[in-house]
Amino acid sequence: EKGTYNHFMLKEIDEQPFVIRNIVQKYQNDDGDIKLDDDIRSAISDADRLYIIAAGTSYHAGLVGKELMEKAAGKPTEVHIASEFLYNQPLLSNNPLFIFISQSGETADCRGVLVNVKEKGYKSLTITNVPGSTLTRESDFTLHTYAGPEIAVASTKAYTAQMAVFSILAMDGARAQGIDTDFDAIRELGLIANAMETLCDQKDIMEQIAHDFMFETRNCFFIGRARDYHVVQEGALKLKEISYIQAEGFAGGELKHGTIALIEDGTPVVAVTTQEHVNLNIRGNIQEVVARGAKACIISTEATKEEGDQIVLPNINELLTPLLSVVPLQLIAYYAALHRGCDVDKPRNLAKSVTVE
Ligand code: F6R
């Protein structure tokens with residue numbers, strides 16, 4: 001039910017703070033601590049390398065999940081697009097664990113990989129939003145994202161939920177391996193939920209940005225570095241799939257290797273900068289595009305902000321900033337599509353669940 005909302009997408013964006021709090025609750029034990037099932041914990045600990053397999057938005061969550069597993073839990077991790085992995089497998093480690101991320105749990109490309117790795121005797125874990133879905137039934141272990149049904153074709157709350165579950169997996173993984181870390185997923189997710197709420201109360205700002213930057217444009221570029229590069233790929237996907245504006249997410253440093261040729265007077269460029277160690281670099285990239293006529297919309301944090309930035313997020317653990325920085329990108333995409341008269345919840349040519357290869 002949409003309730004007072006005109007679109008499921010906006011409702012689902014607004015649900016994100018509740019979803020994040022719900023995940024914390026679901027994965028907390030009676031002592032208020034996080035502890036995953038022993039079999040999942042051992043599967044992660046025993047693996048010498050994790051292979052994350054996913055498609056679309058779930059793949060983008062996987063990019064962030066990889067960073068969490070490597071940086072917080074010290075586990076070497078690769079991320080692969082399911083349809084690519086299926087026909088072009090990399091060399092595998094001796095004892096891999098496959099992690100499938102899928103909102104629907106039905107994506108045929110993922111299932112193809114699952115069937116294949118099962119035949120080879122490898123263990124698998126599915127992170128999904130749909131209990132009882134094909135991937136959970138066929139893999140060894142499951143972690144649920146508890147985001148509730150996602151109806152809009154463009155995925156929003158499932159993406160942030162997938163990353164939140166990864167933060168819990170990473171925290172548990174760190175502990176299981178005796179890694180001394182101050183990474184506290186429960187605390188961070190609580191801060192994120194509160195900050196998401198504030199962002200969802202600022203819809204007028206996002207609507208104005210969509211109006212000023214995207215109303216008439218034919219294309220739009222998104223740039224970021226490191227974690228912000230992962231989130232801008234998702235921001236570009238959101239915008240293109242519902243507004244039909246050609247949108248691409250690029251690593252800031254790659255611009256000068258080709259894409260900058262496309263910048264014209266008035267081309268919108270959305271830049272995300274949430275990490276201090278690359279802030280100066282991306283600021284340089286922003287100057288490069290602005291000097292060629294681009295209109296820059298900048299999303300930063302209290303730690304990286306400069307005067308004139310359109311959106312300033314509160315400081316949270318840098319490993320988790322995509323959970324927060326994606327919210328304005330989702331809202332901007334929503335309003336851009338709305339202003340352009342698009343069918344927000346049911347974009348042309350797309351299906352919610354892609355059950356053919
Ligand atoms: C984008 C979107 C798709 C899905 C992709 C994978 O908004 O919804 O890119 O993310 O089709 O779907 P799942 O996660 O169900 O495997």
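Structure values in brief
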{"item": "Sorted peptide list for 12-20, 35-43, criterion being average Cβ within 10 angstrom, highest first", "result": "12-20, 35-43"}
{"item": "Dipole magnitude of region 220-357, debye to nearest 20 (Cβ charges: Lys/Arg +1, Asp/Glu -1, about Cα centre)", "result": "280 debye"}
{"item": "Scattering curve values for region 73-118, log₁₀ I(q)/I(0), Debye with Cα scatterers, q = 0.15, 0.22 Å⁻¹", "result": "-0.40, -0.83"}
{"item": "For region 171-181, Karplus couplings with θ = phi - 60° (6.51, -1.76, 1.60), whole Hz, Gly/Pro x", "result": "5, 5, x, 5, 5, 4, 9, x, 7, 7, 9"}
{"item": "Partner lysines for LYS35 [C-alpha distance under 16 Å; skip if fewer than 8 residues away on the same chain]", "result": "LYS26"}
{"item": "Expected-Rg normalisation [2.2 N^0.38 Å, Cα atoms] applied to region 69-220", "result": "1.24"}
{"item": "Set of lysines near LYS346 by C-alpha distance (under 24 Å), chain-local residues within fewer than 8 positions excluded", "result": "LYS2, LYS11, LYS157, LYS203, LYS238, LYS240"}
{"item": "Region 10-88 - percent relative contact order, Cα under 8 Å, separation 6 or more", "result": "25 percent"}
{"item": "Antiparallel DSSP beta bridges within region 1-155, as percent of all bridges there, nearest 5", "result": "5 percent"}
{"item": "Percent of C-alpha pairs per 10 Å bin, the chain, short to long", "result": "5, 26, 34, 25, 9, 1"}
{"item": "Exposure proxy ranking, count of Cβ atoms within 10 Å, fewest first, for TYR146, TYR87, TYR335", "result": "TYR87, TYR146, TYR335"}
{"item": "Beta bridges by DSSP in the chain, antiparallel share as percent, to the nearest 5", "result": "5 percent"}
{"item": "Structure-based [θ]222 nm, the chain - -39500 (n - 2.57) summed over DSSP H runs of at least 4, per residue, nearest 500", "result": "-14500 deg cm²/dmol"}
{"item": "Cα-derived Rg over Rh, computed across region 203-309 with Rh taken as Kirkwood radius", "result": "0.93"}
{"item": "Highest average packing first - 90-101, 193-204, 177-188, Cβ atoms within 10 Å", "result": "90-101, 193-204, 177-188"}
{"item": "Rounded D (µm²/s) - region 136-242, Kirkwood Rh over Cα pairs, Stokes-Einstein at 20 °C, 1.002 mPa s", "result": "127 µm²/s"}
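Here, each number is a calculation from the coordinates, and none is a lab measurement. These numbers come from a predicted model, not from an experiment. Glycine also receives a Cβ, built like all others from the backbone with ideal geometry; neighbour counts cover every protein chain displayed.
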